[in-house]
Amino acid sequence: MYLQIVIATGLRQEFTYLAPDNAQGQNLPKIGLRVRVPFGRSERVGLIVGLSETTQIELSKLKPITELLDETPLLPSELWQLGLWAADYYQHPLGDALMHLLPAKLRQPLPNHLIQLNWHIADVEANFGKAKKQQAIWQKLQQLAPEFNLSQLQAIGIKPSQLKPFLDKEWLTTSYPKPQMVTLQLAQKGLELNLEQSKIVEHLVTAQGAFSCNLLNGVTGSGKTEVYFHAIAHQLEVGKRTLLLVPEIGLTPQLLQRLEQRFNNRVLALHSDLTEHQRLNAWQQAGLGQADIIIGTRSALFTPIPELGLIIIDEEHDQAYKQQEGFRYHGRDLAIKRAADANIPILLGSATPSLESLANVQRGRFSQWLLTQRAGQASSQSYEVVDLRNQPQQAGISEQLQAMVQIQLELGHQVLLMLNRRGFAPSLQCQSCGTAAQCPACDANMTLHRSPPRLHCHHCEHQQVVHLYCPHCQSNQLKPLGQGTERTEEQLTSLFPNTPVHRIDRDTTRKKGSLKGMLEQVHGGDPCILVGTQMLAKGHHFPNVTLAAILDADASLFSSDFRGPEKLAQLLVQTAGRAGRAKIPGTAVIQTYQADHPTINILVSQGYNAFAEQELASRQQSGLPPVGHMALFHAQAKDATQAFALLHWLGQQVQNPELQPLTKALLMFGPMPAFMARRAHYYRAQLQLQHPNRNQLQQLLKKLCQLLDQHPAARKMRWSLDIDPQELG
C-alpha cells in the first residue's frame, strides 16, 4: 500500500511513502491519521490524505513511514472536509492548512491516544518479587485508584511509558471517556427580552436543524449578548452545544465570566493566551463532549464539537477574524461554511456590520434582525464634534474636552478616551536637522516609549535605547512628536491629579491577569479615566462611563486603503457606544480637524446604517469588494528588484492569450510597493487582481499559483497569496 502524505512544508504537493510492514487490522493506515515520516535528514509529522495500491514512482526511491501516531483520525469528517475546502478556496498548501487545524502539540510526534485515555486499576493481588521500581510506581498509582487520566498521572510524576508492565499483566485497563449528556443548567434567570430581541430568538428556535445565516444588527448596548444567552439556553434544552467566537482575547474573560454566572453548564475557553498544553487539553475535552459551551478566538473555529447546534460570531465585522500571516483564512467566513456543512444556524452580531454581511443581506443570502433600542433604561448617546482647528490643546486633548471630562468626574462618573496609537509619541525628532528616529529594518519611524525608556518599532519589534544626542547632527534638541497613549496618560494624570487613570493597550495588558485587574477596578464604579487603544472599543460593558471621546478621528479619514472609511466608521461608532449604557445618558465626543467631512457628518446625523448604505453604493460604482472580488499576491526579498521582477513576470502570465476566458473582466494593478515597502529587512511588493466573478478569479489564481510553484525565482524568496484581503499592504 502506498500512502499520500502532506507535511507542513509550504510546498503544494503530496509525498508518497510505503505503509509499514505490520499494516494490518488496527494498524491499517486510514485517511486523516497522523504519521511520523523520514523527511530529508530529519523526521516530520504528516497527515495521510490518500491510499493507493499503485504508484508511478520507483519502489527503490520510496521510504516506509516511521510510525502511525493515531488509531483513529483526530479530526472528525466535517472538520477534515472544512480543512480541504479552506485550503482549496484560499489557495494554500494543503499540508500547512490541515496542520493548522490541530493544536500545536499535535503537530509534534505525540501519540494522541494517551491524551484521551482513562486508565482503570484492577482489583488484584500484585506480586512484584524483586521489581522494586515497579512496586513503587504501583503504590503511587493507588493514590489515583480506581481511575485516572493523563493529567493526574503527570501530576504524580509518572510517565505513560512506565505503565506498560501493568498493562501487559492486565493490572491496568484503558477506555475512552464517553461524551456526557447535554442539559440546560441555569445558575440565574435571564433578563426579559423586548419584542425585537424575542423575534430573533424565536427564529433561531424554529430554525433548529437547518442552515440559516442571521445578521443581528443592533445598536451598541441593545442587548445582543442577552440574545446570545437565550439562544444558547435553547440549544442546551434540546441537547445541543454552542460555539461562541469573539475577536479579541481581551473579551474572552469578560464573556466567560458572564456565561459562568448565567449557566451551571460546562464552559470551555480556547484562545492564544493558553499554554500549548492547556490548549491541547481544552481541545481534547471539547472533542470528547466534556464541554457544553465553547468560547474562543478565531482558531477555536477548528475545535471538534459533537452535537454542535449553533455558532455565534460576536463583533462579526472585526478584522481580527482574518488571519494576516501564513494560512490567511477569514474566521467568520469559514464559520459560515462550517454551519452550512453541519446544517445548523449561525448568528453574526455587530453594531457596525461589515459591508460584506450587509451586501449578503441585500442579496437575500443572510436574514437581518434589527435591534434599534438600547436595552433596559439606557438611552441613546448624543454626539458632539469638537473642531480642533484653532482650538488650544494639551497632548491632543482640547480645552473643550477637558472641561467636559471635569464635569463628568465631578458628578461621580467615568470617562473613556480612545487614541489608537500606543507608546509615548509616534516619533522622536531632532529639532535642529529634522531627522526622525527611523527603524533600521523598516520604512517606519520608531515609537518612543517611556516605561521602560526605549524606541520601539511596532512593525518588526526592533527596539533600541533612546539617544541623548541626534546621531546625525549631534544636537541635543530631541523632541517627542505627536501623542501616544503613554503621553496622554501622563497629561491626564497632571490635569486630574485626584482621579485614577487606567491605560489599556497592548503594553499594559501583556502580563497575565493585568487587564482583568484593571477592569475589576473600573467595574467598581468609582470615578476614573480610561485611556487606551481600540481594545477599549471592542464590546466592553462600562455602565458608569458617561463620556467617550475619540481623540484623533482623522488617522483613517484619508487612508489609501479603500476600506479606510468603513474602518473609521466602525471604530467611531464602537467607541461612542461605550458611553451611556446604564440609566445616565451618555455623550460621544469626536475630535477632528475635518469637522465637515461627509463620513463624520452622516455618522453623527444619521447613524452607521446610513453610512453603510452610502459606502456600498460607492463600492458598487468602483467594483470593489464586496461587489467585486479581490486577491493580492505578495512578494518579499532582501533585494527589491527580485520581488518586483517576480511579480512583473506573474503579470505577464496573466496576459497569456490562453487565460483570456478568465481575464476578460479582470483589473490588474501593479506590481507596486506595499504601503510599507520595507519591513524587517525585506522589500515588499504586491500585485492586485480584481474581478467581478469569484469563480473565474479562483480558477485564474489556481493557474497562477501553479506557475509560481514552477518558477525558479519563486523558490528563493517569500511569496504569498491573500484572497479577500482585509488590508492592502
Are there cysteines in the chain with no other Cys C-beta under 4.7 Å, and if so, which?
-> Cys213, Cys460, Cys528, Cys705
Check Arg718: other-chain or 5+ apart residues with amide H under 5 Å from its amide H, H built from backbone geometry?
-> Gln636
Label the range 1-96 by shape, choosing from rounded, prolate and oblate, from the square roots a ≥ b ≥ c of the eigenvalues of the Cα gyration tensor; if a/c is under 1.5 it is rounded, and otherwise prolate applies when a/b is larger than b/c, oblate when it is not.
-> oblate
Dividing the helical contributions, -39500 (n - 2.57) per DSSP H run of n ≥ 4, by the residues of the chain yields a 222 nm value, nearest 500 deg cm²/dmol, of -9000 deg cm²/dmol
Loop-resident GluC sites (Glu not before Pro) in the range 314-391 with no more than 12 other Cβ atoms inside 10 Å, DSSP not H/G/I/E/B, are Glu325
Using θ = phi - 60° and Karplus 6.51 cos²θ - 1.76 cosθ + 1.60, couplings along the range 357-366 (whole Hz; Gly, Pro as x) | 5, 5, 5, 5, 5, 4, 7, x, 7, 10
Gain on full stretching of the segment that runs from Tyr176 to Ala340 - 0.36 nm per residue minus C-alpha separation | 56.1 nm
Antiparallel DSSP beta bridges within the chain, percent to nearest 5 | 55
How many nm separate the modelled label positions at Arg389 and Gln108, each set 7 Å beyond the Cα in the direction of the Cβ?
-> 6.1
Cα gyration tensor of the range 393-506, axes a ≥ b ≥ c as square roots of the eigenvalues: rounded (a/c below 1.5), prolate (a/b > b/c) or oblate?
-> prolate
Does the range 629-723 come out rounded, prolate or oblate by the C-alpha gyration tensor, with a ≥ b ≥ c the root eigenvalues, rounded set by a/c under 1.5 and, if not, prolate when a/b is larger than b/c and oblate if not?
-> prolate
By per-residue mean of other Cβ atoms within 10 Å, what is the highest-first order of 56-65, 718-727, 648-657, 224-233?
-> 224-233, 718-727, 648-657, 56-65
How many nm is it between the label spots at Leu144 and Ala617, if each spot is 7 Å from the Cα in line with the beta carbon?
-> 6.8
What is the magnitude of the charge dipole of the chain about its Cα centre, with +1 placed on the Cβ of each Lys and Arg, -1 on the Cβ of each Asp and Glu, and no other charges, expressed in debye to the nearest 20?
-> 1460
Rounded FRET efficiency, nearest 0.05, which uses the C-beta distance separating Arg454 from Gln474 and R0 of 22 Å = 0.55
Of Lys159/Lys516; Lys63/Lys322; Lys224/Lys567; Lys337/Lys702; Lys105/Lys516, pairs whose Cα-Cα distance is over 30 Å = Lys159/Lys516; Lys63/Lys322
Which FRET efficiency value, to the nearest 0.05, do you get for Ala131 and Ser514 by plugging their Cβ-Cβ distance into 1/(1 + (r/R0)^6) with R0 = 51 Å?
-> 0.50
Per-q log10 I(q)/I(0), the chain, q = 0.08, 0.09, 0.11 Å⁻¹ (Debye; single scatterer per alpha-carbon; no solvent) = -0.77, -0.97, -1.36
Packing-wise, with mean Cβ within 10 Å as the measure, how do 174-184, 484-494 rank, highest first?
-> 484-494, 174-184
Per-pair calculated FRET efficiency, R0 = 22 Å: Thr183 and Val205 via Cβ, rounded to 0.05 | 0.80
What Kirkwood radius, in Å to one decimal, follows from the Cα pairs of the range 342-441?
-> 19.6
Can you tell me how much longer the chain between Thr9 and His120 gets when fully stretched, taken as 0.36 nm per residue apart minus their C-alpha distance, in nm with one decimal?
-> 36.0 nm
Aspartates and glutamates with Cα under 17 Å of Lys140, excluding same-chain neighbours fewer than 8 positions away | Asp123, Glu125
List, in order, the whole-Hz ³J(HN,Hα) value for each residue of the range 403-419 obtained from phi through the Karplus relation with A = 6.51, B = -1.76, C = 1.60 and θ = phi - 60°; use x for Gly and Pro.
-> 5, 5, 4, 4, 4, 5, 5, 5, 7, x, 9, 10, 10, 10, 10, 10, 9
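Read the figures in this text as sums done on the coordinates, not as results from a lab. Note that the structure is predicted; figures quoted are calculated from it, not measured. With ideal geometry, Cβ positions are generated from the backbone for all residues, glycine too; neighbour counts draw on all protein chains shown.
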